[in-house]
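Everything below concerns the one structure shown next.
None of the figures in this text is laboratory data; all of them are computed from the coordinates on show. Because the structure is a prediction, the values reported are computed rather than measured. Quick reminder, even Gly has a Cβ in these numbers, built from the backbone with ideal geometry, and neighbours come from all protein chains shown.
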Amino acid sequence: MGLKSWLQMRLRAFRGDERGNVLVLFGFALVPVIGLTGATIDYSRATSARLVLNAALDSAALMAARDAAKLPDSELRSRIDKWIKANLSGDSAKGFTSATTVIDRTARTIAIEARLDIDTSLARILGPDAVTIKSQAQSTWGMNTIELALALDNTGSMKSSGKMAALKAASLNLIQIMKDAALEADQIKISIIPFATQVKIDTALKDEPWLRFDQTKPNCTTDKWGNKTCGTPIPITKSTWTGCVSDRDQQNDVKDNESVLAYATLYPADFCAQPTLAPIQPLTADWTVLQNAINGMTPVGNTNVTIGAIWGMATLTPGVPFSGAKPFPTPRLSKYMILLTDGDNTQNRFTTNGGQIDDRTKLACQTAKTAGIRVYTVRVINGDRTLLQNCASSPSMYYEVTSAAQLTPVFQQIAREISQVRLTQ
């Protein structure tokens, strides 16, 4: 016989026994005391069960996000129920049957709602036999759309200590990680910007209005006695141009204009200081093209980190000189740049004063960060530590390696950070 039935029976007996008036009054007083005590206990049990249910749904939502692209809706719902059940215990497990799960494959969202009926104890004397608690969770699967620029030092010093070979291996590994993480076409796009004192682009762009052809090179000869004679400098032309571009006029050398109109904003086509410098690969999701671009890199020339940073940004900015990037306000779009170098600034179009070039690099990095690009920096054995630390978007986004072999683990860590799946807020 339950407590409720027993109390009801005793109360009927008390009402029929005129000699038990005091006991009857005591019995009536006892009922609310027992009920209130039970309510306190049951409230505590329900609160605990709600916390457990919240955690179980959050865990199930995250697990579902990881498997949503691989499983049909029916199996995904079944797994969600199993994941929730596995994370419940005691009263919570007894009260759970199944969740209500809504899967939107267009928006790539999973909404989960579940309820538990927790049996009351003493409180049922005055109220219901069970307390219902509810919880909700939502997740998205896959990743935000990602645009990633790899601005990589291709200067002559990268020949030493196995740095270029290690950079290629690390970059190819990163590309593979991002390829494996992409769940749909064009979800992740990557650009590659090899840089030295200049950068190199496709000569098919020679007729673009944002280029200017006004640079020259010395026209000198030396006779057998060592006498040097110079004539009129040789101008660059569209027919002699092999794709190299130097720094724009200051202050535009540290900016990325989405539209280029004034003469000072134009990009100066130039003679190549190092003809074997690998060309820029604009944003693409063609993994074979990206792999070929990495394998084609060759270490040549001096260091101009500024031009690497600003052309990295150029590949991530809509409008000229490249058109493959999405607008910055695009929903669920994240833009990143990895800027890697192994040396100090030594030469740009204007000077060989490293300190003056450092000032330009600082401004270029700030331009990228202000635009909304998350900047990682990597120092390979040598280089200006402070400059690169300040260039990174946060202290945790600066990496330093003391041997080339450490590059692959660093790139793997960055790739994991970029491609991780998170619960929606």
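Simple spin-label estimate for ASP119 and ALA185 gives 5.8 nm between the two label positions (7 Å along the Cα-to-Cβ direction from each Cα).
Ordering of 342-348, 355-361, 258-264, 66-72 by packing is 342-348, 355-361, 66-72, 258-264, highest average first (other Cβ atoms within 10 Å, averaged per residue).
Placing dummy labels 7 Å off each Cα toward the beta-carbon, the span from GLU75 to GLN356 is 6.5 nm. Evaluated with a Cβ-only charge set (Lys, Arg +1; Asp, Glu -1), segment 145-419 carries a dipole of roughly 220 debye about its Cα centre, given to the nearest 20.
Computed from the Cβ-Cβ distance with R0 of 56 Å, the FRET efficiency linking GLN389 to SER44 stands at 0.65. Let's test the formula: R0 of 22 Å, r as the Cβ-Cβ distance of ASP67 and SER89. What FRET efficiency results, to the nearest 0.05? Given R0 = 22 Å and the Cβ-Cβ separation, E is 0.40. Using the Karplus curve 6.51 cos²θ - 1.76 cosθ + 1.60 with θ = phi - 60°, work out ³J(HN,Hα) for each residue of segment 296-311 in order, rounded to whole Hz, and write x for Gly and Pro. In residue order, the calculated couplings are x, 5, 9, x, 8, x, 9, 9, 9, 4, 4, 5, x, 5, 6, 7 Hz.
At full extension, SER259 and ASN295 could sit 9.7 nm farther apart than now, given 0.36 nm per residue minus the alpha carbon distance. Residues of segment 254-274 with an amide N closer than 20 Å to a point placed 7 Å from the Cα of LYS228 along the Cα-to-Cβ direction: 271-274.
From the square roots a ≥ b ≥ c of the eigenvalues of the alpha-carbon gyration tensor of segment 273-425, which class results: rounded (a/c under 1.5), prolate (a/b over b/c), or oblate? The shape class here is rounded. Please give the residues of segment 335-362, grouped as numeric ranges, whose backbone N is less than 14 Å from a label point set 7 Å along the Cα-to-Cβ vector of GLN250. Zone members listed by number: 347-362. The relative contact order of segment 284-328, computed from alpha carbon pairs under 8 Å that lie at least 6 residues apart in sequence, is 21 percent. Label sites at ARG416 and ASN54, each approximated as a point 7 angstrom past Cα along Cα to Cβ, lie 2.9 nm apart. Computed from the Cβ-Cβ distance with R0 of 41 Å, the FRET efficiency linking LYS217 to ALA165 stands at 0.80.
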